[in-house]
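Read the structure below first, then the notes.
The values are calculated or read from the model by the stated rules, or taken from the named source; none is laboratory data. Note that the structure is predicted; figures quoted are calculated from it, not measured. Neighbour counts are summed over all protein chains in view; Cβ atoms, including those assigned to glycine, are modelled from backbone coordinates with ideal geometry. What goes into the accessible areas is simple: the full protein's heavy atoms, side chains included, and nothing from ligands, DNA or RNA. Shrake-Rupley method; radii C 1.70, N 1.55, O 1.52, S 1.80 Å.
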Amino acid sequence: IHDTPMKQAEGKIDLFSDLIDISRVQDPYMDTQEREKDLVAYYSPKFNNMEFQLASMPGKGKELGDAFSTALVYGDKKLKKTPFFGAIAYDSGVDDNEDSTAIRISGSTKIGAATIGAIVEQADTAKAGAEEQTRYVLSGAYNMGGKNTVKLQYAASDDANNGSKDIEGSTDLTLALSHKPVSYTH
C-alpha cells in the first residue's frame, strides 16, 4: 500500500493534508489523492535533483498496465536541499474508470521565512457525458520565529459533470496558527 506518484507530486503544498485534506474539494468529482494497494513502482535515481516515478496497479482495468501513475519531480518536498520543488504528474485509469485521466502541475518555494505553493490539476472521468474538472490549491506559510507558523490555504474546484451527475464546484479556505510545543529533555 503506497501513495501514487500523482499524490506524492503535491509535495508539502497541501499544508493540512493530515487535518483537512484537499480531497474534500476533489472527491465529489474524481479522487487523485490515491493510496493504492498492489502497486508496483519504479523510482529512478536522482540526477541533478530530478527523479522519474512510475507506478502501475495490476488488477485495475482489463489489461496489465491499464492503471498507472507517473511523475517527473524536481527538488525535495521540504525545500532543504533545493530552492524550489516542482512536479508534473499524470494518472491514467487509477480512479474507478479505466479511461479516467488526470494531470497535475505543482510547485513550491521559500522566500525568507515564507513558503508558498500552488497546484493546478485537470481531471477527466472519461464517462459518457463527463466534463473535465479543473482544481486549484494555493498555500502559504510564514514562520514567525521560534515555534509559531501562520498557515493559509485556498482550494477550489470548478463545476463539472462527472458522467453520473452534476458536481457543484467547491472552495475551502483554511487559516491556522501552528505551534510546536517545547520539548523537554531529562
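Some observations on this one:
- Subset tally (residues that are modelled with pLDDT of 80 or more, among the hydrophobic types (A, V, I, L, M, F, W, C) and not in a loop (DSSP other than H, G, I, E, B)) for the stretch 23-69: 8
- Just one of (1) at pLDDT 95 or above; (2) open to solvent by less than 60 Å² (accessible area, probe 1.4 Å) fails for Asp95. It is (1).
- Within the stretch 138-178, restricting attention to residues that are more than 30 Å from Ser100 (Cα to Cα) and charged (D, E, K, R), the residue that is least open to solvent (accessible area, probe 1.4 Å) is Lys151.
- Count of the stretch 106-132 residues which are part of a strand (DSSP E or B) and not β-branched (Val, Ile, Thr): 11
- Matching residues, the stretch 110-125, being of a type in the set (A, V, I, L, M, F, W, C) and crowded, with 18+ Cβ neighbours inside 10 Å: Ile119, Ala123
- Counting residues in the stretch 133-145 that are in a loop (DSSP other than H, G, I, E, B) and among the β-branched types (Val, Ile, Thr) gives zero.
- Condition check for Ala102: open to solvent by less than 20 Å² (accessible area, probe 1.4 Å), among the aliphatic types (A, V, I, L, M), under 15 Å from Met6 (Cβ atoms) and within 19 Å of the chain's Cα centre (by Cα): yes
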